[in-house]
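Here the structure comes first, spelled out in structure tokens, and everything after it is commentary.
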Amino acid sequence: MSEEKLIAHCGLACHECPAFKAFANDDESLRIEAAKEWSEIYKADIKPEDINCSGCLNDDGAKFRHCFECKIRSCCKTKDVENCAHCDDFACDLVSGLLDMVPEAKENLEAIRKDL
């Protein structure tokens, strides 16, 4: 699977995410490394088998567990928009907190909006 630029609903770059890379390359060592790191960062019990994702835009079921409860993803799917850049309410309260914490996501969405 190629690592083409895939931008999530929230603007995160899926192709840069360890869960996406581990799934795309079936890389068990990356799963183990990411699970350990994310468990420490998020103070959660994340197991290597949790580190699988084909990107939140895909509906094949391969998702990191948070994606199933992600309010941003749910909102985009309800509004039938590819990502927040395509939404008339950009940048609403739902996504603005994330964009403040992850400037790269904001840059990705703003770049997409320029091309709309």
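Here are the criteria: (1) open to solvent by less than 30 Å² (accessible area, probe 1.4 Å); (2) over 18 Å from LEU6 (Cα atoms). Tell me which single one ASP93 does not satisfy. Unmet condition: (1).
The residue list ILE32, ILE51 contains one member that is surrounded by fewer than 20 Cβ atoms within 10 Å (Cβ to Cβ) and in contact (Cβ under 8 Å) with a residue 12 or more places away in the chain, which is ILE32.
Of the residues making up segment 59-104, those that are closer than 17 Å to PHE20 by Cβ and without any contact (Cβ under 8 Å) to a residue 60 or more places away in the chain number 10.
ASN83 meets all of the listed conditions (1) out of contact with any strand residue (DSSP E or B) (no Cβ under 9 Å at 6 or more places or on another chain); (2) at negative phi; (3) not aliphatic (A, V, I, L, M) but one, namely (1). The residues of segment 77-90 that are more than 14 Å from ILE7 (Cα to Cα) and out of contact with any helix residue (DSSP H, G or I) (no Cβ under 8 Å at 6 or more places or on another chain), listed by number, are LYS77, THR78, LYS79, ASP80, ASP88, ASP89.
The values are calculated or read from the model by the stated rules, or taken from the named source; none is laboratory data. Since this is a predicted model, take the numbers as computed values, not measurements. All Cβ positions, even for glycine, are placed from backbone atoms using ideal geometry, and neighbour counts span all protein chains on display. The protein model used for the area step is the full one, side chains on, heavy atoms only, and it has no ligands, DNA or RNA in it. Shrake-Rupley method; radii C 1.70, N 1.55, O 1.52, S 1.80 Å.
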